[in-house]
Structures are given as C-alpha cells and as structure tokens.
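The values are calculated or read from the model by the stated rules, or taken from the named source; none is laboratory data. No experiment lies behind these values; they were computed from the predicted model shown. No Cβ is skipped: glycine too gets one built from the backbone with ideal geometry, and neighbour counts run over all protein chains shown. SASA here: full protein model, heavy atoms, side chains in, ligands and nucleic acids out. Shrake-Rupley method; radii C 1.70, N 1.55, O 1.52, S 1.80 Å.
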Amino acid sequence: MQLLFLSNAYPPGHLGGYEELCQDVALGLRRRGHRVTVLTTRGLTDNGDGHEADVIRTLKPEVAIGDPMATLRLVFGRARRRKRNLHELSQALGRAQPDAAVVWGMWNLAPALAADLEAALDSRVLYYVADYWPTLPDAVTQHLGAAPRRRAATPLKAGLALLFSRSQSRLSDGLRLPHVACVSHAVRDTLWAEGITMGRVEVIHNGIDPRQFSPMVGSVPSTPPLRLLLAGRLTHDKGVFVALEALAIAVGAGHDLHLTLAGEGSAAVGREVRSAIHGFGVERHAHMSGRMPRHAMPAIMARHHVLLVPSLWADPLPRSAQEGMASGLAVVASRIGGLPELIDDGATGLLVPPGDPRALAEAMGRLAADPALRQRLGEAGLARVREEFDIQRTVQRIETRLQRMLSD
C-alpha cells in the first residue's frame, strides 16, 4: 500500500506518546513493505527537523506555541497559513499517490486539511484517535480563551475572541470520519457520548516494543527504600501533586519510600512541584530528575520497583504504564480512562480512585510491606503487555483495517 499519514506533530518535534506511536506505526508499516509518507509540521518543540525519509515537515500550526506574538499572528496570517497548508497537502498527495491515508492528531491544524483529504481519497481515510481531539474546540478558540501572559493583552484577546467566535467549532465538525480506530474503549465511548458522528469504528489498542523494556533482574535492590517512579510530563492532570501528598502520607505512616519524578513541565509547574516537595516535607524522599530522553527510559524503569500513573484526567491508554509493566514494575494507576483496559486491579497492577491521595498512599504501603505482591504484579503485568500490547500487534491490526477499508 501507498499511505499518507497526516499528523500535527511527529518526532523529534513532538509532545508525547501519541506522536511517538505515530512514528512507531509508520516504521512498522514500512517494515511490512508499505510506503508511508508523513505530512506534518516542523514540530511543537524546537527540535522538529529529524532525518527520517519520506517525512514532509511543511505544515504550519494554527497557533505558534510559545510565540509571544502568537495572538497578533492570528490576525495577520491565519488565512495565508491555511491556504498554504492546503497547498502543501495537495503537493503531498501528488508526491505520495496514496491508496489511503491515516490521520493522527489534528489539534492545532485546521479541520479543512482532513476534509480535503477525505474528498481527495473518496473517504479512504482512517482516523487513529488516541486522545479526545474530535471533541475539542480548535486551537484558535483555545488560545483566545486562555488567560494572556500579560494583562495588557486582555482587551486584544477578548476582541479577537468575538471576531473569530462565529467561525469556531469542534475540530471534528465538517468531517465525515468515515473510518475510525480508537485507542481504547474509553475513547470510543467518550466520542459517542459527546455526539461525534463517525462511520465504522473499532478499538485498536496501542502498544510498545516490550523487548526494549526487558526487566534487568537484580539491577534494583530489594531492600528499602521502595523506589517509586512517576514518568512523563509534570502537569496537574497527570496527578503529580496527588502523588506527592500520598508520598507524605505513606512516609508519615512509617514506610521507607523514595519517589523519582522523571519528566518536566512548564517553568511555573516546576516551581509548584518544588514548593510542594518542601511543603509536604518530603525533601529526603523525592527528587526531580528532569526530562529523560526516550532511549533512557528502559534503564530508568529498571532502577525502580513501582511505577505510579495517578492521572486525574481520562488518560486514553498511556504508554508509560505499558512500559512500566514491560519492565516488570508493579504499576499503581488511577481507575480512569483506558487504564482499566490495561490493568486488572489486584492481578496485573493496582487501581485507585483518581485524585485520592490516601488511597494511593495505602497502595504504596501495601507494596512496601509485601515484596511478594510486588513480584506477582510485576510478572503478571509483564506477561499481559507481551501478549496483548506489543506494538507489532498494533501495526498488524492497523494494516488489516486499512486493507479491509480498501477492499470494501
């Protein structure tokens, strides 16, 4: 098959697991003999060039993230950027001559791109939805609705919000979404509940390469402290402050614990996290290691006993949890979003109510006091990922879905 992938971001210019999954699937399909061309932006970060073949980084995002002039650029260039992006899509279609297309994240891209793709390929378009972007307002609406960094910009943003209000809608409005693969039942059910009109829908769980996360037996001492890890972007919705409060509760109950926060967030959140560590009195029991490159995560996982995934939002199906299970760690996660589709409470990990630091502290204490439970959960979680959440399984199911779409 000749395939065109459309994505708002792509490694190395990406934010997280959604874009990494896009790359893993693209590479997996290429290894199966398909030609995959990726049309994307230069990146949502400052390192979005990359050297991967057949990746076209010519799209311009709707809002320039981090640009202090982003609001003014909405006035003096939005129409020009949209016209240019549609031209770049037309050029990519001519270059790739695709049999079908796969649309990934659309946040910060105009829906007109996906609509043109549907029209050009006569609906031979598969949307792989691994977050809730079809339910969200577009990036312009979100940007104008956010508080400005400088108070003086408030009147300008308010005026622009009124100017653009008539043209704003959900990202999926105007799209037929003829074929949709959702990363989890939780995502599929949310889209249905939000009234998103879709054609044929199925669930295709994401995956990882578990061979990269083989447990390193004996690499972490079995003696106290219990080594806890929270990996990923440090944001409120990832539950970092719930984890710190739970740590303080568990330490106060006499458990010997140490928590590593492997990730970074905004400068403001970083200051909040450092303040919370001090405020909860856990300076000796927690430290921030900063953002870790993807290739370093297997070794980091192997130096810990437990992975925490205390999400406050309905995490669709976080790859970090899969990576922890593939590393043989006992995983403690929130009972929210797609996490219960990955973790069977008490069998392949522990689930706790989201936003409940006492329940999370109790789970920490259980694992600190019961090494046999940690081992059992780790072994069962490892087996679950290897059997059901291998990236090759994901690639094969997407390939089958595309072939079926073309034969219908």
Task: Scan of the stretch 325-353 for residues that are open to solvent by 10 Å² or more (accessible area, probe 1.4 Å) and either in a helix (DSSP H, G or I) or in contact with a Cys (Cβ under 9 Å, 6 or more places away or on another chain) (or both), ordered by number - done: Pro340, Glu341
Open item on the list: Being surrounded by fewer than 18 Cβ atoms within 10 Å (Cβ to Cβ), modelled with pLDDT under 95, more than 21 Å from the chain's Cα centre (by Cα) and of a type in the set (S, T, N, Q) is the requirement here; does Gln375 meet it?
Closed with: yes
- [ ] Report yes if Ala363 is of a type in the set (Gly, Ala, Ser), modelled with pLDDT under 95 and open to solvent by less than 20 Å² (accessible area, probe 1.4 Å), otherwise no.
- [x] no
Open item on the list: Among the residues of the stretch 383-395, are any touching a Phe, Trp or Tyr at 6+ places or on another chain (Cβ under 6 Å), part of a helix (DSSP H, G or I), under 30 Å from Leu29 (Cβ atoms) and open to solvent by 10 Å² or more (accessible area, probe 1.4 Å)?
Closed with: no
Task: Counted residues, the stretch 106-141 - those being more than 16 Å from Cys182 (Cβ to Cβ) and assigned to a strand (DSSP E or B) - done: 1
Task: Flag if Asp237 is under 14 Å from Ala286 (Cα atoms) and surrounded by fewer than 20 Cβ atoms within 10 Å (Cβ to Cβ) - done: no
- [ ] Check Ala296 against each of (1) in contact (Cβ under 8 Å) with a residue 12 or more places away in the chain; (2) among the small types (Gly, Ala, Ser); (3) open to solvent by 10 Å² or more (accessible area, probe 1.4 Å) and name the one condition it does not meet.
- [x] (1)
- [ ] For Ala158, state whether it is among the hydrophobic types (A, V, I, L, M, F, W, C), modelled with pLDDT under 85 and more than 27 Å from Val38 (Cα to Cα).
- [x] yes
- [ ] Identify all residues within the stretch 31-41 that are over 16 Å from Gln97 (Cβ atoms) and open to solvent by 10 Å² or more (accessible area, probe 1.4 Å); write none if there are none.
- [x] Arg31, Arg32, Gly33
Open item on the list: Is it the case, given these coordinates, that Leu308 is under 19 Å from the mean Cα position of the chain (by Cα), modelled with pLDDT of 95 or more and part of a loop (DSSP other than H, G, I, E, B)?
Closed with: no
- [ ] Tell me which residues, restricted to the stretch 253-284, are outside any helix (DSSP H, G or I), modelled with pLDDT under 95 and buried (at least 17 other Cβ atoms within 10 Å of the Cβ).
- [x] Ala262, Gly263, Glu264, Gly265
Open item on the list: Six or more apart or on different chains, Cβ atoms under 9 Å: show the pairs whose first residue is in the stretch 182-207 and in contact (Cβ under 8 Å) with a residue 12 or more places away in the chain and over 17 Å from Leu126 (Cα atoms) and whose second is crowded, with 20+ Cβ neighbours inside 10 Å and charged (D, E, K, R).
Closed with: Ala186/Asp315; Gly207/Asp24; Gly207/Arg319
Task: Residue list for the stretch 124-154, restricted to those being modelled with pLDDT of 85 or more and open to solvent by 10 Å² or more (accessible area, probe 1.4 Å) - done: Arg124, Ala130, Asp131, Tyr132, Thr135, Leu136
Task: Check on His287, outside any helix (DSSP H, G or I) and either at pLDDT 95 or above or not aromatic (Phe, Trp, Tyr) (or both) - done: yes
Open item on the list: Looking at the stretch 218-228, can you tell me whether even one residue there is within 22 Å of the chain's Cα centre (by Cα) and either crowded, with 20+ Cβ neighbours inside 10 Å or not in a strand (DSSP E or B) (or both)?
Closed with: yes
TODO: Kindly list the number of the only condition in (1) over 20 Å from the mean Cα position of the chain (by Cα); (2) assigned to a strand (DSSP E or B); (3) crowded, with 23+ Cβ neighbours inside 10 Å that fails for Ala246.
DONE: (2)
